[in-house]
Amino acid sequence: MNGSNKYNSWGRYPNVCHTKVVTLPWCHTDFNSGIIEDESTCLVYGQGRSYGDSCLNERGTLIDSSCLNHIQLFDKEKGILRCEAGVTFDDLLSIIVPHGWFLPVTPGTRYVTVGGALANDVHGKNHHLVGSFGNHVTAFELKRSDDKTYLCSEKENPDYFKATIGGLGLTGLITWVEFKLKRIINSSISTQQKSFASIEQFFELENVDEREYTVAWIDTSSRGNKLGRGIYFTGEHAKEHPVSYSRKKTTNRSLNMPINLPNVTLNTFTIKAFNNLYFYSHQNKKEHSLSHYAPFFYPLDNISNWNRMYGKRGFFQYQCVVPIQDGKDVIVELLKLVSDRGMASFLSVLKRFGDIPSVGMMSFPRAGYTLALDFPNKGKRTLQFLTELDKLVQSVNGAIYPAKDARMSPEMFNQSFPLLEEFKQYVDPHFSSSFWRRVTSS
Ligand SMILES: Cc1cc2nc3c(=O)[nH]c(=O)nc-3n(C[C@H](O)[C@H](O)[C@H](O)COP(=O)(O)OP(=O)(O)OC[C@H]3O[C@@H](n4cnc5c(N)ncnc54)[C@H](O)[C@@H]3O)c2cc1C
């Protein structure tokens, strides 16, 4: 155990100091013998792939879950996996893919833990067909600060089940998770990509598409009748080839961002230039191809520490969801605002969520369009601009994703999560986060 500030979130903002970091495996420790002292609070840290402050606990204790790294059960016939919560998706892929199984849902990086995926109820490119990660979880164990443990499933302790999925790590320590895998017959992905000349064209395209995985990249520097142009990527697990799994570990990072780039490197000019280049280089690419699953699901994982590109001040990711009805207009308005304010975003992603209800009381995914934008942190100017975006999202009862957030107001948080008051009953009295104190003004 030691004090440390090396535990950051992916956006590297805010930069906070923790009083203590506990790295012991949970089975060798009790909350009441060392983790919790007096009025202090604690929070579990996975891989810190959340962008804002939901994985940070300023002036409190962090429990590093990396020692919870054991697989407990892998039923290769039924596709059921049970593992400790610090196991990463990267670790799992190298074990399950050779046996013809895949993750039921995966975010855009494989360097997340199973506990982190559950606590944020993460979504993937297949949300429109299968919902979010929590929809595939059959059971987990929750350890509370009074050292009581709860087996949670739809039938056992269902209230803790619903509060912990998407519960932002506030209901206690998740020790292990059991979930259902997806059968595949080939590890490759049959992909398609299509450019669209405007946001209106995107809505026409995605409306008819029911491929398994869908996502669009948007050129946020475009304006006028090209506003919202971009590339629509779709894919599905290849069926046409016999099994051709690689037994190699899937970690194959070829590039690294060795230093923080100076804050001026990513400015409006360079971001616009990147957007243009990206659009034109993909516009004429082959429409259909067969790809390894890693570049399809995790294009950024190839560049270690790519977040350093934003310099020491870090960056904000802004991810909202707006309902289908009225949502299209708001997406157009959001893109107009980005373009009018000259705030082009480096990486911008748009996707339709389906209507499978999320299990968690505080889950972010819900039917609608979700837009994710990245902005370098330029202090007050960026914060004011993001508040302007909030107003548009609020006007249609949309929501902001806590896993990406470092600045939303308590009012915006309240509006985003209608079951917030019910959820509060399940928050462990000794658990808290910088995010939680900020959005509940506590
Ligand atoms: C490049 C990139 C792409 C991404 N793409 C997506 C995407 O497509 N969809 C999506 O939904 N998200 C996406 N994310 C966000 C990421 O999936 C989530 O923030 C995820 O929760 C991070 O997992 P982690 O293990 O790093 O957890 P952390 O970020 O360390 O923690 C996240 C939360 O989980 C809690 N937690 C972690 N372990 C435990 C435990 N054992 N017990 C109790 N609580 C725990 C923490 O307290 C915290 O509240 C992306 C992130 C990056 C960097």
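The values are calculated or read from the model by the stated rules, or taken from the named source; none is laboratory data. Remember, it's a predicted structure, so these values are computed and weren't measured experimentally. Glycine also receives a Cβ, built like all others from the backbone with ideal geometry; neighbour counts cover every protein chain displayed. Heavy atoms of the whole protein, side chains included, go into the accessibility calculation; ligands, DNA and RNA do not. Shrake-Rupley method; radii C 1.70, N 1.55, O 1.52, S 1.80 Å.
Things worth noting here:
- Probe 1.4 Å, protein heavy atoms only - accessible area per residue of the range 328-368 in square angstrom: 34
- ³J(HN,Hα), Karplus 6.51/-1.76/1.60, whole Hz, each residue of the range 219-229, x for Gly, Pro: 7, 7, 8, 6, 9, x, 6, 9, 3, x, 5
- Amide H contacts for F316 (H built 1.01 Å from N in the peptide plane; partners 5 or more residues away or on another chain; cut-off under 5 Å): F375, N377.
- Radius ratio Rg over Rh of the range 299-442, counting only Cα atoms, Kirkwood formula for Rh: 0.97
- Alpha-carbon centroid distance for the pair the range 418-442 / the range 307-370, whole angstrom: 23
- Ordering of 52-58, 16-22 by burial proxy (mean other Cβ atoms within 10 Å per residue, highest first): 52-58, 16-22
- Listed residues A344, A273, A139, most fluctuating in the chain (Gaussian network, C-alpha, under 10 Å): A273
- Accessible area per residue in Å² at 1.4 Å probe, computed on the range 55-128: 29
- For the range 389-442, the per residue solvent-accessible surface stands at 40 Å², with DNA, RNA and ligands left out and a 1.4 Å probe.
- 3J(HN,Hα) along the range 409-414, derived from phi through the Karplus expression 6.51 cos²θ - 1.76 cosθ + 1.60 where θ = phi - 60°, amounts to 7, x, 5, 5, 5, 4 Hz, with x in place of Gly and Pro.
- For the chain, modelled as a GNM whose springs connect Cα atoms under 10 angstrom apart, the maximal fluctuation among T61, T234, T109 occurs at T109.
- Computed helical MRE - 222 nm, the chain, DSSP H runs ≥ 4 contributing -39500 (n - 2.57), nearest 500: -6500 deg cm²/dmol
- Relative compactness, the chain, computed as alpha-carbon Rg over 2.2 N^0.38 Å: 0.94
- Computed with a 1.4 Å probe over protein heavy atoms only, the accessible area of H128 comes to about 20 Å².
- Solvent-accessible area, 1.4 Å probe, carbon plus sulfur percent, for the chain: 51
- Each part reduced to its alpha carbon centroid, the range 71-101 and the range 168-236 end up 24 Å apart.
- Long hydrophobic helices in the chain, taken as whole DSSP H segments with a C-alpha length of 15 Å or more on their own axis and mean Kyte-Doolittle hydropathy at least -0.5: 268-283, 324-340, 380-395.
- For the options L337, L205, L81, a Gaussian network treatment of the chain with springs between C-alpha atoms closer than 10 Å singles out L205 as fluctuating the most.
- Ranked by the mean number of other Cβ atoms within 10 Å per residue, highest first, peptides 429-439, 162-172, 37-47 order as 162-172, 429-439, 37-47.
- Column: log10 I(q)/I(0), Debye, Cα scatterers of the range 80-211, q = 0.14, 0.17, 0.21 Å⁻¹: -0.69, -0.91, -1.20
- Inter-centroid distance (Cα atoms) of the range 382-405 relative to the range 274-294, Å: 30
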